[in-house]
Amino acid sequence: MARINLDHIRHAYGPNPKKPSDYSLKEVHHEWNDGGAYALLGPSGCGKTTLLNIISGLLQPSEGKILFDGKDVTNLSTQDRNIAQVFQFPVIYDTMTVYDNLAFPLRNRHVPEAEVDRRVKEIIEMIGLSDRAKKRAQGLTADQKQKISLGRGLVRSDVSAILFDEPLTVIDPHMKWVLRSQLKRLHKQFGFTMVYVTHDQTEALTFADKVVVMYDGEIVQIGTPAELFEKPKHTFVGYFIGSPGMNVLPARIDGSSVDLDGQKVALSFAPKIAAGAKTELGIRPEFVRLGREGMPVTISKVEDIGRQKIVRASFANRPIAIVVHEDGEIPAEPKITFDPNAINIYANSWRVGGEA
Amino acid sequence: MLELKNITKVVGADTHIHPTDLVLERGSLNVLLGPTLSGKTSLMRLMAGLDKPTTGTITFDGKDVTGVRVQDRSVAMVYQQFINYPAMTVYENIASPMRISGKDAATIDREVRKAAELMKLTPYLERTPLNLSGGQQQRTALARAIVKNASLVLLDEPLANLDYKLREELREELPKLFAASGSIFVYATTEPQEALLLGGNTATLSQGRISQFGPTISVYRKPADIVTAKTFADPPLNTIDLVKSGDAFERDGITVLPVPAHLSGIADGAYTIAFHPHHLSLARPHQTAATLKARIIISEIAGSESFIHVDCAGSRWVMLEHGIHDIEPDTAIELFVDTRHLMAFGADGRAIGGSADSHTVRGA
Amino acid sequence: MEKTWNNKAWFMVLPVLVLVAFSAVIPLMTVVNYSVQDTFGNNEFFWAGTDWFIQVLQSDRFWDALTRNLIFSAIILTIEIPLGILIALNMPKTGFGVPVCLVLMSLPLLIPWNVVGTIWQVFGRVDIGLLGYTLAALGINYNYVNNVFDAWVTLIVMDIWHWTSLVVLLCYAGLVSIPDAYYQAAKIDGASRWAVFRYIQLPKMKRVLLIAFLLRFMDSFMIYTEPFVVTGGGPGNATTFLSIDLVKTAIGQFDLGPAAALSLIYFLIILLLSWIFYTVMTNSDAQS
Ligand SMILES: Nc1ncnc2c1ncn2[C@@H]1O[C@H](COP(=O)(O)OP(=O)(O)OP(=O)(O)O)[C@@H](O)[C@H]1O
Ligand SMILES: [Mg+2]
């Protein structure tokens, strides 16, 4: 268990990086608290795997330092950093049995066989493969392989940190529920520092205390799930978190009210914005109310997705998404209002605080 | 039109696919929804002609294609574990099916760029797949399936490694793309939510049987049996075995739930009552909601929502609540069931009451 | 994953079967024909039954040559297979070194067999050969014509130089197909270099190794050109392998009957040993 500091880390895969676009990681400067559970969220190709590989030592950063509990480990090998990592695509040793696969990381470190047996049995139980313990890992299905991969990451009890790179993608939803709560339990029990990369927001948000959102090689926001949802710092976070993402509408600020292409909306504060900045209003589809009062919209499509309906409409000459409850009705002359507490204002894509 | 008639697949002592009939229309989007090992991949392999069915026939536009090899048919397939040619650039990977079919250079270039644009791969066309992130590699494989312009496109959990937002966009774009080309599009997934977002038709699969096939939303709303209902539920469906007696659902003679209007016509007797987690709530959703006492097992916070696991009337249920509710385990609470959405299933598992408006598929 | 069963596949292999029939079975039948008859020329044949076989099997000459063959193949396999693996493991996987290494490795394989013999014959000569001369200059008494040990060493070194590349290339093909993720996982799991080899690289090379092993066994067991060109089977009979013996019997003495019997026995030994190796190696794969 360790506190991990990333000190101005930059990374480029190619030699001699010059332009910012040569860097896969632009600049990451961040502290991961000892025992923290972090989810790392971001679009494909934003540098999540790169970041994990730098922490575990599989990659040497082009610039910057990594510290474990204040000790510089930048030049230490993966083995010496004592980290467990679960990979994006399952890796299993197919000539070994399921049991031996799980025992492998322990035996390599000369853990006494009795302890190995205890740990392996526990993990094998957790991933639900007890009945296959003595079978060769070769003929297993994709999800079973992934469970073994996950199991190998969890089997050591003495690691500095566990890094997960999308460990549950091919596992079916019902099993995901079980594994997710087991992971949470293990985290409580052993207090590992955990970094968990995922594309699945539910997964990220159930698992982590803190969610780190990455975008184009940089960390754009770190916050609790609620903060990310309610006060996205950057329009990208607003768009990326939540499905559908936040509506972002071009706006003109006028004291403590906004003008959205002719439609006026009152604000609870007067944002201070530098002259010439591009200003936008962000409102989540969940906080747009559809009813008989308010500003007129033209509905183009209603998607019934079971629990709720997503209404696609045009408002102030811009597309807007509105979430309506499954039993909610859609009026003939639809109008919308915004929940005033859920409005965010952005200048050049960054959030402008009113209260803060 | 692809038609499966009485198809089965038996391997050794295991039956992978039980007798199945299925008709897929041209230009349609069809989702195969089921947990892992439910037979999605087996069924797709049969459709593609990679495997030969043990019994039954497969026709395409009326022509019998049962024994026809996959090479001789117009089929594109993307696997869960996708494959790229490691030594070729992304561009060449995408272009490869067109090169094989002998398209001219200009067409190839146009199609490759179009597919790359859709998959957001344009900046990476000159790289080899090994120098890409995981998701970018998978998108390359997808792009290759798209340019093939096959009349049957089979995608086996193709979006599993793609980020959420890209999946959202592709769910919009892919059906349009295939509808325009008139191909039949089959998409396997384990996630009910994904099926709902894709729309189209859904076939729910469980243990090698198609339990129901019909328009996605109606399969979701009116499952023909409890197997379908369970397959089509995430988080898991809440169930409880009760006896209907007059206007009450009882257990051991004690009323647990009132009988809602839409189920008032069914005969007295034993039923399995089921409902989705979002029909359980901490606050009374409307006047007719039923009140129950429960004990908290654990609460999980998922961003704007919470999953609260409760023990209620001896059953373990999940409640999906808006907002953040971190309630201590073992707290006794009162919760509400939105009885308007209750489903009732008979002893044989078939749905009772409420018309099932989708046609079911025979599964012997 | 099961395979699609298709009866048409048999039609595909038909041409190969016909070809094999013409190229192998028919000549083989001729040999069988010779092996059970006696001839004194003039195209007159007498039925000899199993006489020739018994004669061959009872001769010391046969058993000595067979022993030499077995020892030679054993030495070749114990050196070439591990050496091939070792070189393959150390070859670069990316960069401009790859084509350079591959071309260098392929060079010995491209040289015709008899040329290899001649090259080494010249190379090893004490008077004009670079190797022989250097060794002599170093005070090492090296002479493959008179010294049994030197003759064997020369043949073995020649074979290693000629054929290790084949093992290397086959192993290399297996190695490059291993995704990087496996090596990364091994690092995370704290695997030693040996464990990486044992559990990742070896399993991936297993199939090609089997092929390499069989090819090298068959080939080394049938060695002919090299001893024929370099040592001519000597000194004495020290490098008279079955193949050389066969030719001596058939052409040198014109004993066609015993020669035919010998070649059949030779053929059956190779078949039998290859089959044993194959089953043993594939079985261990299926069990563990
Ligand atoms: N071996 C490599 N060589 C060159 N570039 C690479 C290599 N691996 C990744 N990249 C590039 O670096 C960037 C970040 O990649 P990374 O694998 O960290 O993304 P990611 O966030 O894990 O994405 P995904 O969710 O798709 O797995 C990408 O643009 C990718 O193309
Ligand atoms: Mg990645």
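The values are calculated or read from the model by the stated rules, or taken from the named source; none is laboratory data. For clarity, every value in this text was computed on a predicted model and none was experimentally measured. All Cβ positions, even for glycine, are placed from backbone atoms using ideal geometry, and neighbour counts span all protein chains on display.
Please enumerate the residues belonging to region B:129-141 that are within 12 Å of chain A (Cβ to nearest Cβ) and either touching a residue at least 60 places away in the same chain (Cβ under 8 Å) or surrounded by 18 or more Cβ atoms within 10 Å (Cβ to Cβ) (or both). Steps first, answer last, please.
Filtering region B:129-141 down to residues within 12 Å of chain A (Cβ to nearest Cβ) leaves B:130-140.
Once the filter is applied, which keeps residues that are within 12 Å of chain A (Cβ to nearest Cβ) and either touching a residue at least 60 places away in the same chain (Cβ under 8 Å) or surrounded by 18 or more Cβ atoms within 10 Å (Cβ to Cβ) (or both), region B:129-141 yields B:L132, B:S133, B:G134, B:G135, B:Q136, B:Q137, B:Q138, B:R139, B:T140.
List every residue pair whose Cβ atoms sit under 6 Å apart, with the two residues 6 or more apart in sequence or on different chains, where the first one lies in region A:129-153 and is among the hydroxyl-bearing types (S, T, Y) and the second, anywhere, is buried (at least 16 other Cβ atoms within 10 Å of the Cβ) and part of a strand (DSSP E or B). Filtered contacts from region A:129-153: A:S149/A:V86. Does A:Q79 count as out of contact with any Leu (no Cβ under 8 Å at 6 or more places or on another chain) and within 16 Å of ligand 1 (Cβ to nearest atom)? In short, no.
For the structure I just gave you, tell me whether B:A115 is in contact (Cβ under 8 Å) with a residue 12 or more places away in the chain, away from ligand 1 (no atom under 16 Å from the Cβ) and of a type in the set (G, A, S).
Numbers: in contact (Cβ under 8 Å) with a residue 12 or more places away in the chain: yes; away from ligand 1 (no atom under 16 Å from the Cβ): yes; of a type in the set (G, A, S): yes.
Answer is yes for this residue.
Of all the numbered requirements in (1) surrounded by fewer than 16 Cβ atoms within 10 Å (Cβ to Cβ); (2) acidic (D, E); (3) within 11 Å of chain B (Cβ to nearest Cβ), A:E230 misses one, and that requirement is (1). When restricted to residues that are more than 16 Å from ligand 2 (Cβ to nearest atom) and facing another protein chain (nearest Cβ under 9 Å), region A:157-175 contains 5. Taking the stated definitions as given, is B:N149 on the phi > 0 side of the Ramachandran plot, within 30 Å of the chain's Cα centre (by Cα) and either in contact (Cβ under 8 Å) with a residue 40 or more places away in the chain or surrounded by fewer than 22 Cβ atoms within 10 Å (Cβ to Cβ) (or both)? Here the answer is yes, as B:N149 does meet what is asked.
For region B:80-118, a residue qualifies if it is assigned to a loop (DSSP other than H, G, I, E, B), crowded, with 16+ Cβ neighbours inside 10 Å and either more than 16 Å from ligand 2 (Cβ to nearest atom) or among the aromatic types (F, W, Y) (or both), and the qualifying residues are B:Q80, B:F82, B:T89, B:K103. The residues listed here are A:R132, A:R118; of these, the one that is within 14 Å of another protein chain (Cβ to nearest Cβ) and either out of contact with any Asp or Glu (no Cβ under 7 Å at 6 or more places or on another chain) or within 23 Å of C:I178 (Cβ to Cβ) (or both) is A:R132.
The single condition from (1) modelled with pLDDT of 75 or more; (2) within 14 Å of chain B (Cβ to nearest Cβ) that C:M12 fails is (1). Considering region B:12-51 alone, what residues qualify as being assigned to a strand (DSSP E or B) and touching a helix residue (DSSP H, G or I) at 6+ places or on another chain (Cβ under 9 Å)? Across region B:12-51, the qualifying residues are B:H16, B:I17, B:T20, B:L22, B:L24, B:L29, B:V31, B:L32, B:L33.
Is there a residue in region B:125-137 that is part of a helix (DSSP H, G or I), away from ligand 1 (no atom under 16 Å from the Cβ), in the same structural domain as B:S42 (by TED's automatic domain parsing) and within 18 Å of B:P97 (Cα to Cα)? It would help to see each step written out before you state the result.
Residues of region B:125-137 part of a helix (DSSP H, G or I): B:129-131, B:134-137.
If we keep only those that are away from ligand 1 (no atom under 16 Å from the Cβ) as well, we get none.
No, the conditions are met nowhere in region B:125-137.
Scanning region A:138-147 turns up no residue that is surrounded by 24 or more Cβ atoms within 10 Å (Cβ to Cβ), in a loop (DSSP other than H, G, I, E, B) and either within 16 Å of ligand 2 (Cβ to nearest atom) or away from chain B (no Cβ under 13 Å) (or both). Here B:L166 meets each of (1) at the interface with chain A (Cβ under 10 Å from one of its Cβ atoms); (2) modelled with pLDDT of 80 or more with one exception, condition (2).
Table: residues versus (1) surrounded by fewer than 16 Cβ atoms within 10 Å (Cβ to Cβ); (2) within 15 Å of ligand 1 (Cβ to nearest atom); (3) assigned by TED's automatic domain parsing to the domain that holds A:P167.
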site: A:N16; (1), (2), (3): yes, yes, yes
site: A:G35; (1), (2), (3): no, no, yes
site: A:N53; (1), (2), (3): no, yes, yes
site: A:L67; (1), (2), (3): no, no, yes
site: A:D72; (1), (2), (3): yes, no, yes
site: A:T95; (1), (2), (3): no, no, yes
site: A:A114; (1), (2), (3): yes, no, yes
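Quick check on my filter: what residues within region A:203-235 are in contact (Cβ under 8 Å) with a residue 24 or more places away in the chain and of a type in the set (S, T, N, Q)? Answer for region A:203-235, where residues must be in contact (Cβ under 8 Å) with a residue 24 or more places away in the chain and of a type in the set (S, T, N, Q): A:T206, A:T235. For B:P235, indicate whether it is within 14 Å of chain A (Cβ to nearest Cβ) and within 30 Å of B:D21 (Cα to Cα). Taking the combined requirement at face value, the residue satisfies it. Checking each residue of region B:279-288 against the condition of being within 26 Å of B:A351 (Cβ to Cβ) and under 24 Å from the mean Cα position of the chain (by Cα) gives at least one match. Number of residues in region A:61-86 that are within 13 Å of another protein chain (Cβ to nearest Cβ) and either without any contact (Cβ under 8 Å) to a residue 40 or more places away in the chain or within 9 Å of ligand 2 (Cβ to nearest atom) (or both): the value is 5.
For the residues A:G57, A:G47, the requirement of being away from ligand 2 (no atom under 14 Å from the Cβ) and crowded, with 17+ Cβ neighbours inside 10 Å singles out A:G57.
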